[in-house]
1. Does Met179 fit the bill of being within 16 Å of ligand 2 (Cβ to nearest atom) and at pLDDT 90 or above?
2. When you scan the range 166-208, how many residues do you find that are away from ligand 1 (no atom under 16 Å from the Cβ) and either among the hydrophobic types (A, V, I, L, M, F, W, C) or part of a helix (DSSP H, G or I) (or both)?
3. Just wondering, is there one or more residues in the range 25-36 that are more than 16 Å from ligand 2 (Cβ to nearest atom) and more than 21 Å from Ala163 (Cβ to Cβ)?
4. Among the listed residues Leu63, Leu80, identify the single one that is closer than 25 Å to Ala151 by Cβ and modelled with pLDDT of 90 or more.
5. Being more than 30 Å from Gln187 (Cα to Cα) and assigned to a loop (DSSP other than H, G, I, E, B) is the filter; apply it to the range 1-23 and report the residue that is nearest to ligand 1 (Cβ to nearest atom).
6. Go over the candidates Phe92, Phe87 one by one and state the one that is within 16 Å of ligand 2 (Cβ to nearest atom) and out of contact with any strand residue (DSSP E or B) (no Cβ under 9 Å at 6 or more places or on another chain).
7. Just need a number here: residues in the range 382-401 that are aliphatic (A, V, I, L, M), in contact with a Leu (Cβ under 8 Å, 6 or more places away or on another chain) and either farther than 13 Å from Arg442 by Cβ or surrounded by 17 or more Cβ atoms within 10 Å (Cβ to Cβ) (or both).
8. Quick one: Arg442 ticks every box in (1) open to solvent by 50 Å² or more (accessible area, probe 1.4 Å); (2) in a loop (DSSP other than H, G, I, E, B); (3) more than 30 Å from Leu344 (Cβ to Cβ); (4) not aromatic (Phe, Trp, Tyr) except a single one, so which number is it?
Amino acid sequence: MIELRHVSKTYRMGDTEVHALRDISLTIGQGEFVAIIGPSGSGKSTLMHTIGLLDRPDKGAYLMNGREVHDLSDNAWAVLRNRHIGFVFQQFHLLPRMTALANVALPLIYGGHADQKGLAHQRLADVGLTDRAHHNPNELSGGQQQRVAVARSLINDPMIILADEPTGNLDSKSKADIMGLFKALNQKGKTVVIVTHEPEIAAQAKRVITMRDGDIVSDKRQGASVAGADSGAADITPLAGDMDVIVPGGIKFFDYARQAIFAMVSHKMRAFLSILGIMIGVAAVIAMIALGRGAQQSIEQQLTSLGSNLLMVRPGSSQSGGVSLGAGAVTRFTFQDVAAIAKLTNTVGNVSPSVTGRAQLVYSSKNWNTQVEGAGTSYEEVRVATPIAGRFFTDEEVASRSKVALIGTTIVTQLFGEDDPVGKTIKINLVNFKVIGVLPSRGASPFRDQDDIVLVPITTAMYRLLGKQYIDSLYVEAKGPDTVDSAQQEVQDVLAKEHHLTAKEAQDSFQVRNMSDIKQAMESSTQTMGMLLGAIAAISLLVGGIGIMNIMLVSVTERTREIGLRKALGANNKDIMVQFLIESVLMSLIGGVAGIMVGVGASFVITFAAGWAVKISIISILVATVFSVLVGLVFGLWPAHQASQLNPIEALRYE
Ligand code: ADP
Ligand code: MG
């Protein structure tokens, strides 16, 4: 059934060569009970690993049921191990966070079986541990643990059981129990190979192979003749068909997910911290996107409320986004310009000049620093700013530089609270002004509160408050939607003429922009801002991902022996890889979901506390979910790959 021909294995440690196996030839037939004995270091374990397809010899041939298996792939070996070989180890190698039952069922994950529980129960009953099925290994004695391991080795009804020092860690009573189990199994026709260094254990076998320094020095049969030794050929399992065993993905996935949860639960703080990293990243992304979109939306609202017929005239180059390059080239607007534009009655409806600056407001004991804007009476119409209380200022008040002011709703709250501000006197930069009205609310956007403003007649602003000789900008209202373009052109021309500029110079010294230009400019600036914030958020997500990678690497190292065991039980590289990937994805997904909740919550808090407009989009939530899964995948890939590449023997030996 098993035939080794001239098998050699040599380990090189620096300069010295260790011949663990020297030209071993060995045949083991069906139903044999073999003990391999010899001093420590004689190559017993190496021989057993070779028979068990855990280790590839350097030289020689291996035939299983007459078929050459030496040259088969790692994956095919994994299938053969799973189906036909049952392992029992000195250290039991049970997975600690699983019940005895789950440990017994473990190989089925890689082999696939309809009734996992039933079969595992049956095997536990076979070793007399029915009442311990739901205990974890740390609640079992050494003997009981080894019996669970024997039950596990039997789960797939293998053709051979390989036990490496199975009694090495046991008291004499348990030793007898385990040997009793093996003898009973052999009686039922199972092939059993036991590695031991204890002669009294070997004495219970039917065939004793003695090894020394990698050589077989004796091979004796003892006691009764081997039952069914010659009937082996009749029972050959067709090996070829085993290569394409299809394991239902669902069973594996369920086990992997459960393992991942076990791993996280047993290291709560560690898992929590790495999840926290992802959570913060995702929350930042969600909140930043919500903030950016909110800003954009409030800008759009403000612009539509202004009407689409508005033109804005500002000094500075139109080529460099409003920043003038040449000193002295900037146009300074005067009231003559206002009058000249007002004469373009074919295309232009209204002109409103504007100056802005900062000012300190005082009312009774309250102070407030705000933006002050000076405007003409047409502001009311051009900027759609009919007062919600009181009245607008008149042409006479503009002409006489009257000390009257309209205030925005933010200032009403800040200075007056619940009081009616109309008719009250406030100080603006130490000058007494009478409040004559309240401006309609325009809403807040993330970078500017539109209602934190004081409006005064332009003349008052220029000559009494801000000390300006020139107008900062002009708002021009075209007659109708179809005259916007011609109004823009005419305003451009008339200003160039007023200031004696050529078309080229005019382009450099002032700009006339319509609403869609302005909208575009504002949108691109909020977009830039949004991208910047998004980039910062993405970086925090990246940092979170690195945290996950770190923890996964630790987890792989910690579970090296588990990986070795899983491989011995029939897991192939892909199985191990998927298991660890699921763990990292699960972790980052939990972080992602928590991050979405925190991000949405934070967005609401921002709206509530700062009054900024935010807009949470379903898309950003979907994107965040997908991204957190991706982060888990990408950053889990390396640790999972590391895990999958482990050599089963070395992994099992790992301390
Ligand atoms: P036994 O099980 O009989 O005690 P082993 O089969 O474990 O012996 O080892 C046989 C020899 O091979 C020993 O000398 C051991 O030091 C050496 N050996 C085993 N595994 C390795 C390894 N991974 N690297 C180097 N030497 C090894
Ligand atoms: Mg050994």
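1. Numbers: within 16 Å of ligand 2 (Cβ to nearest atom): no; at pLDDT 90 or above: yes.
When the stated conditions are applied, Met179 does not pass them.
2. From the range 166-208, those away from ligand 1 (no atom under 16 Å from the Cβ) are 170-192, 200, 203-207; that's our starting set.
Pick out the ones that are also either among the hydrophobic types (A, V, I, L, M, F, W, C) or part of a helix (DSSP H, G or I) (or both) and you get 170, 172-187, 192, 200, 203, 205.
So the answer is 21.
3. Let us first name the residues in the range 25-36 that are more than 16 Å from ligand 2 (Cβ to nearest atom), namely 25-33.
The next check asks that each one be more than 21 Å from Ala163 (Cβ to Cβ); those that pass are 25.
Yes: one or more hits.
4. On the way: Leu63 fails: closer than 25 Å to Ala151 by Cβ.
Being closer than 25 Å to Ala151 by Cβ and modelled with pLDDT of 90 or more holds for just one of Leu63, Leu80, which is Leu80.
5. By that ranking, first place goes to Gly14.
6. Details: Phe87 fails: out of contact with any strand residue (DSSP E or B) (no Cβ under 9 Å at 6 or more places or on another chain).
One residue alone meets the criteria, Phe92.
7. Keep residues of the range 382-401 that are aliphatic (A, V, I, L, M), which gives 382, 384-385, 388-389, 398-399.
With in contact with a Leu (Cβ under 8 Å, 6 or more places away or on another chain) added as a condition, the list becomes 382, 384-385, 388.
Narrowing further to those that are either farther than 13 Å from Arg442 by Cβ or surrounded by 17 or more Cβ atoms within 10 Å (Cβ to Cβ) (or both): 382, 385.
Count: 2.
8. Result: Arg442 fails condition (3) only.
The values are calculated or read from the model by the stated rules, or taken from the named source; none is laboratory data. Everything quoted here is computed from the prediction, not taken from an experiment. So basically every Cβ, Gly included, is an ideal-geometry build from the backbone, and we count neighbours across all protein chains shown. Protein only, heavy atoms only, side chains kept; ligands, DNA and RNA dropped before computing areas. Shrake-Rupley method; radii C 1.70, N 1.55, O 1.52, S 1.80 Å.
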